[in-house]
Amino acid sequence: MCNLHGELVEDYDNYREQLLEAGLLLGCDVQGVYGLSGTFEGIIEAFERYVTKNGKPLNPEVVRFPPILSRTTYLSTDHIETMPDLMGSIHTFKGNQKAQLAMIDKKQQGEDWTSSLEPADVMMVPAACYPLYPTAANTVLPEEGRLVDLRAFVFRHEPSPDPARMQIFRQREFVRLGTPEQARAHRDFWLEKGQEMLKGVGLPVKAELANDPFFGRGGKVMAATQKEQELKFELVVPVASEKKLTAISSSNCHLDHFGSEFNITTQDGNFAHTACIGFGLERIALALLKTHGLDPEKWPQEVKQVLEL
Amino acid sequence: MNIEKVREILSTHGRLTTPVDQLQDDSDLYQAGLTSLATVGLMLALEDEFDIEFPDSALSRKTFGSIESIAETVEDLSE
């Protein structure tokens, strides 16, 4: 176990160094936060166009939210109960001039200046679909349900040497709100479609039954339950390491979890079920760079063609 | 003996929608409203009361699925 951990860290360090050296990632003084080069961002833009093209026949509504959401909305999801260790809470300074001087004094003394801060009204978005549900609260869905195309930066506090585990990254999602059958069909459709799309750009993905990283020992019960119910599948591929594969997409059924919390109902009066497919955009770029090489100009012709690079 | 104690802890920490005294020992606790978060509270309370620690292998949906199953697991862990 220790050996594997050591080998993994070595793999992470090697790939991260290659990316930094090639100028694709720009480092920062904390783990898991990077600047991205034009080439890197170009890969993400190309993949996003590919996603848009594949989703177009389904005629989704397009909505874009910022990477922050209200504290009230945050608390309406169960993130604080399930993954509190990943949350990002935004704090700011609300004091007077005297309090400001006290804060600066703490900073200059090397003391904890953050004790002068107070919570703002907002939290970091933990998953791209979270800000959507309050906008659909207390509505009755049309018979065909709703399909929404989302993209947002999401935050997860899990600093890591693995370049594929960023603290803030983009998720591109298609979310379905509808009957249990519509939600399940959406998940199943995209689980297949996602594999087809990723294999179409030369990524040897495989689907795996998965669970969210629920917190603590109680989280193990939640994870086992999620797996038993086959609610989450991930598409995994080697990124930094061949020994531990990395999820670059996930397809999830939320049952009526958000429907009941936000009182979103279907025509028959029951709480709506929701499901989503998410593509981890930075991870997909990292997987492409790992698989086809660090210079996209030298990627296989068919991959460049599909991505219109 | 464990069954009665488990029932007592369940009624304090289970946050069930069906009162514990209306449940059979083999009733499905998830049907009775046991949520995943309540399971965590229940687990910690059982550990305190019986001075045990649930190993990872016992942290499954099945363990907490009925009064009977909880009591059996507690008994196994107390030995």
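The values are calculated or read from the model by the stated rules, or taken from the named source; none is laboratory data. On a predicted model such as this, the values are computed, not experimentally measured, just so you know. So basically every Cβ, Gly included, is an ideal-geometry build from the backbone, and we count neighbours across all protein chains shown. Side chains included, ligands, DNA and RNA excluded: accessible areas come from the protein's heavy atoms. Shrake-Rupley method; radii C 1.70, N 1.55, O 1.52, S 1.80 Å.
Taking GluC sites (Glu not before Pro) as exposed when their DSSP state is a loop state and no more than 15 other Cβ atoms lie within 10 Å, the longest site-free interval of chain A runs over A:1-110.
Nearest 100 Å², what total accessible surface is buried between chain B and chain A (probe 1.4 Å)?
On the way: alone 4890 and 15410 Å², together 19290 Å².
Roughly 1000 Å².
Dipole size of the protein assembly as shown about its Cα centre, with +1 on Lys/Arg Cβ and -1 on Asp/Glu Cβ: approximately 1740 debye, rounded to the nearest 20. Please go through the range A:201-275 and write out the trypsin sites (Lys or Arg not before Pro) that DSSP classes as loop and that have at most 15 other C-beta atoms within 10 Å. When the trypsin sites (Lys or Arg not before Pro) of the range A:201-275 are filtered for loop state and at most 15 Cβ neighbours within 10 Å, A:Lys243 remain. How far is helix B:36-50 tilted, in degrees, relative to the longest principal axis of the Cα atoms in chain B, given as a value from 0 to 90 rounded to the nearest 10? For B:36-50 against chain B, the angle is about 50 degrees.
Would you mind working out the magnitude of the charge dipole of the range B:2-78 relative to its Cα centre, with +1 at each Lys and Arg C-beta and -1 at each Asp and Glu C-beta, to the nearest 20 Debye? Could the numbers behind the result be given before it?
Working: 5 positive and 16 negative charges, 86 e Å.
The dipole magnitude comes to about 420 debye.
Applying the Karplus relation 6.51 cos²θ - 1.76 cosθ + 1.60 with θ = phi - 60° to the range A:296-303 yields 3J(HN,Hα) values of x, 5, 9, 5, x, 3, 5, 5 Hz, where x marks Gly and Pro. Under 5 Å between amide hydrogens, built in the peptide plane, is the criterion, and for A:Ala275 it picks out A:Arg176, A:His254 among residues at least 5 positions away or on other chains.
Got a number for carbon plus sulfur as a percent of the range B:2-78's accessible area, 1.4 Å probe? Can you show the working numbers first?
Working: 1680 of 4050 Å².
The C+S portion of the solvent-accessible surface of the range B:2-78 is 41 percent.
Taking label points 7 Å from Cα along the Cα-to-Cβ direction, B:Asp28 and A:Lys94 give a separation of 4.6 nm. From the square roots a ≥ b ≥ c of the eigenvalues of the alpha-carbon gyration tensor of the range A:122-233, which class results: rounded (a/c under 1.5), prolate (a/b over b/c), or oblate? Rounded shape, in that the Cα axes give a/c under 1.5. From the cross-link list A:Lys53/A:Lys298; A:Lys107/A:Lys244; A:Lys94/A:Lys220; A:Lys56/A:Lys243; A:Lys53/A:Lys206, which pairs have alpha carbons spaced over 31 Å apart? A:Lys107/A:Lys244; A:Lys94/A:Lys220; A:Lys56/A:Lys243, as the Cα separations exceed 31 Å there.
Each label was represented as a point 7 Å from its Cα along the Cα-to-Cβ direction; for A:Ala137 and A:Ser115 these points are 3.6 nm apart.
Using a Förster radius of 41 Å, what is the FRET efficiency between A:Asp105 and A:Ile80 based on their Cβ-Cβ separation? Nearest 0.05, please. Before the final figure, lay out the partial values.
On the way: r = 33 Å, r/R0 = 0.81.
Efficiency, from the Cβ-Cβ distance: 0.80.
Each label was represented as a point 7 Å from its Cα along the Cα-to-Cβ direction; for A:Val9 and A:Lys199 these points are 3.8 nm apart.
Per residue, the accessible area of the range A:157-309 comes to 40 Å², computed with a 1.4 Å probe over protein heavy atoms only.
Which net charge results when you count Lys and Arg as +1 and Asp and Glu as -1 among the other residues whose beta-carbon is under 13 Å from that of A:Asp162? Numbers along the way, then the final one.
Numbers: positive: A:Arg16, A:Arg156, A:Arg165, A:Lys243, A:Lys244, A:Arg283, A:Lys290; negative: A:Glu7, A:Glu10, A:Asp11, A:Asp13, A:Glu17, A:Glu158, A:Glu282.
Every neighbour counted, the sum reads 0.
Less than 5 angstrom separates the built amide H of A:Ala120 from those of A:Ile90, A:His91, A:Thr92, all sequence-distant by 5 or more or on a different chain. For the protein assembly as shown, what class follows from the C-alpha gyration tensor (a ≥ b ≥ c being the square roots of its eigenvalues): rounded when a/c is under 1.5, otherwise prolate if a/b is larger than b/c, else oblate? The shape class here is prolate. For the range A:88-140, relative contact order (Cα pairs under 8 Å, six or more residues apart, normalised by length) works out to 46 percent.
Using 1/(1 + (r/R0)^6) with R0 = 25 angstrom and r between the beta carbons of A:Glu41 and A:Lys244, what's the FRET efficiency to the nearest 0.05? The value I calculate is 0.40. Electrostatic tally near A:Pro119: other residues with Cβ closer than 10 Å to its Cβ, Lys and Arg +1, Asp and Glu -1, net 0. Using C-alpha pairs below 8 Å separated by at least 6 residues, the relative contact order for chain A is 21 percent.
Checking understanding here: applying a Kyte-Doolittle mean of at least 0.5 and a length along the axis of at least 15 Å (C-alpha), which whole DSSP H helices in chain A pass? Numbers along the way, then the final one.
Working: long enough: A:2-21 (28 Å, -1.01); A:38-55 (25 Å, -0.32); A:97-108 (16 Å, -0.99); A:180-200 (30 Å, -1.35); A:216-228 (18 Å, -0.88); A:281-292 (16 Å, 0.63).
Qualifying helices, which must be both long enough and hydrophobic enough, are A:281-292.
Backbone amide hydrogens, once placed in the peptide plane, bring A:Gln167 within less than 5 Å of A:Val33, excluding anything fewer than 5 places away on its chain.
Go through the range A:41-122 and name the trypsin sites (Lys or Arg not before Pro) that are in a DSSP coil and have 11 or fewer other Cβ atoms within 10 Å of their Cβ. Taking the range A:41-122 and a limit of 11 other Cβ atoms within 10 Å, the loop trypsin sites (Lys or Arg not before Pro) found are A:Lys94.
Explain nothing, just the number: dipole magnitude of the range A:158-309 about its Cα centre with +1 on each Lys and Arg Cβ and -1 on each Asp and Glu Cβ, in debye rounded to the nearest 20. Walk me through the numbers before you get to the answer.
Numbers: 19 positive and 21 negative charges, 84 e Å.
Roughly 400 debye for the range A:158-309.
A Förster radius of 25 Å, combined with the Cβ-Cβ distance separating A:Leu294 from A:Ala185, puts the computed FRET efficiency at roughly 0.05.
In order along the range A:209-214, the phi-based Karplus estimate (6.51 cos²θ - 1.76 cosθ + 1.60, θ = phi - 60°) of 3J(HN,Hα) comes to 5, 9, 9, 6, x, 4 Hz; Gly and Pro are listed as x.
Roughly to the nearest percent, how much of the accessible area of chain A is carbon and sulfur, given a 1.4 Å probe?
52 percent
Once you list every other residue whose beta carbon is under 14 Å from the beta carbon of A:Phe215, what net charge do they have if Lys and Arg are +1 and Asp and Glu are -1? Could you put the intermediate results ahead of the total?
Working: positive: A:Arg156, A:Arg217, A:Lys220; negative: A:Asp78, A:Glu81, A:Asp85, A:Glu158, A:Asp212.
Here the count lands on -2.
Shown here: the range A:240-279, whose C-alpha atoms stretch 48, 15, 11 Å along the first, second and third principal axes, sorted largest to smallest.
Compared with its chain on its own, the range B:27-72 contains the following residues whose accessible area drops by 30 Å² or more in the full protein assembly (probe 1.4 Å; ligands, DNA and RNA excluded): B:Ser36, B:Leu37, B:Val40, B:Met43, B:Asp56, B:Leu59, B:Arg61.
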